[in-house]
Amino acid sequence: FWLKSLVGLRLFEWCCQITVMDPEMDAASSRAPIRFEELDREARQTLSLDNWDGFRLEAQKAVSKAGSKHSLAAAHSLFLGTTLRPEKYIYQFGPTFQSEKGDVIFGRMGLDGSRMVRCVSKIGQASELMFVFNSERGSRGPPMTVVEFEGTATGSDWTASVKPGYQPSVPTLEASVSQMVTPGFHVGAKLLGLLPPSNPGMMPPPWGSATIMSRYTNGDHTVNVSYERGSDQENMKPVKHSLKATYHHKATSVQNRPRLNLATEFEVSQTQGIPASQGGVSSSLRMGCEWFFFQARVQGLLDSTGKVKSTIQSNLYGFSAEADLWNGDYKFGFMLQVMPQEPPPQQ
């Protein structure tokens with residue numbers, strides 16, 4: 001289910017054409033507080049690859065006229081021969097609306113019964129409201145639904161957000177804050193609580209997690225260190241400790257725009273009640289690169305689990321390759337993008 005939700009969020013980024021590593025955004029961020037979820041955005045973007053397998057088609061056509069204050073587009077997403085779904089195919093259709101002040105409404109509906117709605121509304125210059133609805137039809141039983149509301153407020157040197165939500169049979173409540181100590185140093189904390197399940201027959205869920213994170217930026221270098229204390233749902237243990245450190249470096253740039261980004265991430269986790277010899281202590285290392293051209297973007301990733309990933313994306317086409325060397329699993333994909341340009345308005 002979460003894999004399906006991740007696919008939908010990837011499609012949302014593609015259809016809205018979000019550019020995270022914008023130079024003007026980076027310059028503004030050096031003088032403004034950064035949300036907790038974005039403290040490690042540079043390393044996370046470089047290390048996050050949009051991999052797929054099989055054939056992929058992304059088509060989008062503008063509905064609103066050129067020069068209009070509001071933007072409305074209709075988008076189609078098609079995957080054929082993919083392993084992302086048991087049916088080996090994905091088709092989704094829906095609109096994307098963006099207003100002049102930055103409000104966004106994004107919707108998708110799939111042939112498999114999946115539905116997704118995402119709404120973002122700007123309130124002044126310092127507040128934002130977001131609503132997310134995901135519904136996936138399960139193989140057995142009723143559809144699985146995730147609903148989230150989020151409110152964010154920003155001050156002169158701080159940000160705060162509250163996110164109540166509902167996962168399948170489990171209500172959740174998340175709160176986070178971040179503080180800009182200096183223009184180059186930020187700290188933040190996040191609490192996630194799982195409320196009692198609505199189904200009395202279910203076992204009580206773990207209490208949630210607590211995370212603290214710091215960010216230090218000096219020129220083209222960014223370092224993040226985070227510590228999380230939460231529950232290990234995979235091994236049904238109450239407490240799990242995780243320490244993560246990331247480093248991001250803008251190696252080269254042209255006219256203040258990044259051309260080559262390098263990032264690495266090292267994580268160590270320990271689960272109470274499980275000896276180290278039985279997997280109670282684990283570690284992982286990932287290294288990635290991101291190379292921008294004028295009309296293309298190349299990414300590569302190598303991690304300690306024996307996986308190698310790479311993507312090439314441009315305005316017209318894309319290639320994806322993923323290899324699991326230890327298990328002998330290889331996946332390749334090709335993508336076409338169809339986005340016809342609207343003629344300019346008549347004078």
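The values are calculated or read from the model by the stated rules, or taken from the named source; none is laboratory data. Note that the structure is a prediction, hence the values are computed from the model and not measured. Note: ideal-geometry Cβ built from the backbone for every residue, glycine included; neighbour counts use all protein chains shown. Just so you know, the surface numbers come from the protein's heavy atoms only, side chains and all, with ligands and any DNA or RNA stripped out. Shrake-Rupley method; radii C 1.70, N 1.55, O 1.52, S 1.80 Å.
Structure notes:
- Residue order for I34, I312 - accessible surface, 1.4 angstrom probe, largest first: I312, I34
- Counting only protein heavy atoms and a probe of 1.4 Å, the accessible surface of region 269-309 is 61% carbon and sulfur.
- Solvent exposure of region 247-342 as accessible area per residue, Å², 1.4 Å probe: 61
- Under 5 Å from the amide H of V239 lie the amide H atoms of D232, Q272, each residue being 5 or more positions distant or on a separate chain, with H modelled from the backbone and absent for Pro and chain starts.
- Sequence-distant residues sharing a close amide H with V63 (under 5 Å, placed H): L72, A73, A74
- For region 32-92: rounded, prolate or oblate by the Cα gyration tensor [a/c cutoff 1.5]: oblate
- Distance between region 240-274 and region 44-58 - C-alpha centres, whole angstrom: 19
- Accessible area, probe 1.4 Å, largest first, for residues K190, K307, K69: K69, K307, K190
- Computed over neighbours whose Cβ is under 14 Å from that of D324, the net charge equals -1, Lys and Arg +1, Asp and Glu -1.
- Y166 sits with roughly 90 Å² accessible to a 1.4 Å probe, with DNA, RNA and ligands left out of the calculation.
- Nearest-20 debye value, region 118-187 charge dipole, Cβ charges on Lys, Arg, Asp, Glu: 280
- 17 Å Cα-Cα reach of K240 towards aspartates and glutamates, excluding residues that sit fewer than 8 places from it in its own chain: E228, D232, E267
- Dipole of region 122-181, positive direction: furthest Cα of V177, N134, S161, with charges on the beta-carbon: N134
- Derived scalar couplings ³J(HN,Hα) [region 98-103; Karplus, 6.51 cos²θ - 1.76 cosθ + 1.60; whole Hz; x for Gly, Pro]: 9, 8, 5, 8, x, 5
- Ranked by solvent-accessible area (1.4 Å probe, protein heavy atoms only, all chains present), the residues E87, E58, E148 order from largest to smallest as E87, E148, E58.
- Residue-level accessible surface for T217, protein heavy atoms, 1.4 Å, Å²: 40
- Solvent-accessible surface (1.4 angstrom probe) belonging to E290, in square angstrom, nearest 10: 0
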